[in-house]
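The values are calculated or read from the model by the stated rules, or taken from the named source; none is laboratory data. Here the structure is a predicted model, which is why all the values come from computation and not from measurement. Every residue, glycine as well, gets a Cβ built from its backbone with ideal geometry; the counts of neighbours run over all protein chains shown.
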Amino acid sequence: MTAAFVTGLPSTLGDSYQLNTTTIIRHSARTFPEQEIVFRTVAGDWQRYTYADAYRRTQRIANALTAAGVGAGDVVGILDWNSKRHFELYWAIPGVGAVMLQMNLRLPPPDLGYVTTHSGASVVLVDETLLPVAEALAPLAPGVREWIVMSDRPASEIQTTLPNARHFEDLVAAASPEYDWPIIDERSAYSACYTTGTTGRPKGVFYSHRSIYLHTLTCAATLGVGAGDTVMPVTPMFHCQSWGFAQAAVYSAAKIVLPGRYQAEDLPELVDTLISENVTVANGAPAIFQPMLNYIRTLETKPDLSRARLISGSTEPALSLMRDFYELTGANVIHAYGATETTPLVSVNLDLKPSLRDTVSDEQRWDMKRSQGLPVNGVDIRLVDASGAELPHDGEAVGEILLRGPWIAERYHELADDEGHFLDGYWRSGDVGSIDANGYLKLTDRLKDVIKSGGEWISSIDMENAIVGLDRVADAAVISVPHPKWEERPLALVVTTDGEPLPLEVLHAGLSDRFASWQLPEQIVHVAQLPRTGVGKLDKKALRNDYAGVYGAGV
């Protein structure tokens, strides 16, 4: 049902003032020029500069881009880590009216080539450490006319097969130090991000200046970010703007810590920096936070992280992870929910509603932290059945989550067949869940991952997190596998900390308090590691293909 659209009496305020992202950094650099930005270099050392320094460089970069022929509507790709330059480009590229293409450096060359070509990217800026990625991409992206290499080393020391490659810092040094920012129609695209394509070709989401601006205000307000905070965007800046953390930090004039390039073996150093720089807001996934917690366990003196809000997305964090972080350090691991199509903030489980604080036990409070939390103001959420009919918010009815709002996609970029992705102006998330009477959202599965055994649904998400909470379990996945009698049955794939198999009876005993006996997996497959997508999610499509015949269904 479409709501009526009416026009009332015109206002007398500045409704013509466009919501441009550049105004966010311009204001904070003017009002908090001394605020620090700490960044990790390619060499691995930590340096720092200020908002004023970053803004001056951003203006030079805008002039350099203009001199390189970048104008309004052009698409400029970035292949980079969570670096100082990447941060500056967050403002400079959209500031000239161009579109910042967030390029997932973990995608295979064919997918990355598709993203580059489909988006219409004509210029790509690449960190020197990622030249092999760019060189593999170049033959698959004939529309790119300009390759610009970002490095602290002089151009004479850089070897690359990229055609007519230019040196970023040389261009910046030659550019004027002041830039007169244009006023951009707020409906113009600010950036673009593509889904990881596990169910087909990657799909493009183009975010507007307006959507980013409003999302920034909501992110900062919801997480309570202020000038006294220190924000570390750990989630890759090439994925959904690192969930908007850089913009929310600048809007709030918070201190920023940019971790640069990091791998699993670098996580202890990230934790040390998080502690020494007094980081109070950081984002990541359970696959990042669990190794961080494991390192903290080894420290003789446990840090006081009682001011820290660790926003966990991608997959639901295990209850054991959240409790252990709190008990060891005081940090609050906060479950949040979103997607590429939602910019991404949809809901946050920050704290109990005031009306519930005196009515639930401590155990109930912890159990409620497993939910995706309360939808943020500005997002309209619906729960529907397979026919699209509304379901009650009673915590029992389970259906698909539909979303609409100023930072929610209404279509995909140049995708001819949008059918099935949107319904009555709402984006169909493909997530299955319930909403209780208090407004808390709890996802139980993806539509494509849900396990339907003997006509009854089993939540793979809840089961995975229960398994991860068991002793000796490092990682786990639960998938639906065809079954000759029950249509589908759950299969557990487990990575153990010591490499030794986990007995099935131990698994069943550990799950018995949360699951009925008929829901329990009949087998465990022990693996050395689990496959993940380019954004760190479990690749269940690959797992289902690999283990489809385990229960002898003859598929």
Has the range 514-537 got any residue that is farther than 29 Å from residue 338 by Cβ, among the hydrophobic types (A, V, I, L, M, F, W, C), assigned to a strand (DSSP E or B) and modelled with pLDDT of 90 or more?
yes
Of all residues in the range 477-530, which are over 12 Å from residue 453 (Cβ atoms), of a type in the set (S, T, N, Q) and in contact (Cβ under 8 Å) with a residue 24 or more places away in the chain?
496, 497, 523, 529
Mind checking which residues of the range 389-426 are modelled with pLDDT under 90, among the aliphatic types (A, V, I, L, M) and out of contact with any Gly (no Cβ under 9 Å at 6 or more places or on another chain)?
416
Is it true that residue 182 is assigned by TED's automatic domain parsing to the domain that holds residue 89, assigned to a helix (DSSP H, G or I) and not polar (S, T, N, Q)?
no
In the range 150-179, which residue that is out of contact with any Lys or Arg (no Cβ under 7 Å at 6 or more places or on another chain) and part of a strand (DSSP E or B) is surrounded by the most Cβ atoms within 10 Å (Cβ to Cβ)?
167
Scan of the range 384-423 for residues that are among the small types (Gly, Ala, Ser) and exposed (fewer than 12 other Cβ atoms within 10 Å of the Cβ), ordered by number:
386, 387, 389, 416, 420
Please work out which one of (1) at pLDDT below 95; (2) closer than 20 Å to residue 215 by Cβ; (3) not aliphatic (A, V, I, L, M) is the condition residue 108 fails and give its number.
(2)
Would you please list the contacts, defined by Cβ atoms under 6 Å and residues six or more apart or on different chains, that run from a residue in the range 5-34 that is within 26 Å of residue 53 (Cβ to Cβ) to a residue that is surrounded by 10 or more Cβ atoms within 10 Å (Cβ to Cβ) and among the small types (Gly, Ala, Ser)?
22/95; 28/253; 29/52; 32/253; 33/52
Subset tally (residues that are assigned to a loop (DSSP other than H, G, I, E, B) and either in contact with a strand residue (DSSP E or B) (Cβ under 8 Å, 6 or more places away or on another chain) or not assigned by TED's automatic domain parsing to the domain that holds residue 175 (or both)) for the range 21-43
6
Got a number for residues in the range 504-513 being at pLDDT 90 or above and in a loop (DSSP other than H, G, I, E, B)?
0
Restricting to the range 144-159, give me the number of residues that are touching a helix residue (DSSP H, G or I) at 6+ places or on another chain (Cβ under 9 Å) and farther than 22 Å from residue 101 by Cα.
6
Can you go through 453, 429 and tell me which one is modelled with pLDDT of 90 or more, among the polar types (S, T, N, Q), crowded, with 17+ Cβ neighbours inside 10 Å and over 18 Å from residue 530 (Cα atoms)?
429
Are any of the residues in the range 342-361 under 23 Å from residue 467 (Cβ atoms) and hydroxyl-bearing (Ser, Thr, Tyr)?
no
Take the conditions hydrophobic (A, V, I, L, M, F, W, C), at pLDDT 95 or above, more than 24 Å from the chain's Cα centre (by Cα) and within 30 Å of residue 531 (Cα to Cα) and apply them to residue 175. Does it pass?
no
Those helices (runs of 4 or more DSSP H) completely within the range 276-388 that have 2 or more residues that are outside the structural domain of residue 215 (by TED's automatic domain parsing) and of a type in the set (Ser, Thr, Tyr) are 286-298, 319-329
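Residue by residue, here is whether (1) in contact with a Leu (Cβ under 9 Å, 6 or more places away or on another chain); (2) loosely packed, with under 15 Cβ neighbours inside 10 Å; (3) within 30 Å of residue 237 (Cα to Cα); (4) among the acidic types (Asp, Glu) holds:
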site	(1), (2), (3), (4)
482	no, no, no, no
488	no, no, no, yes
492	yes, no, no, no
500	no, yes, no, yes
524	yes, no, no, no
542	no, no, yes, no
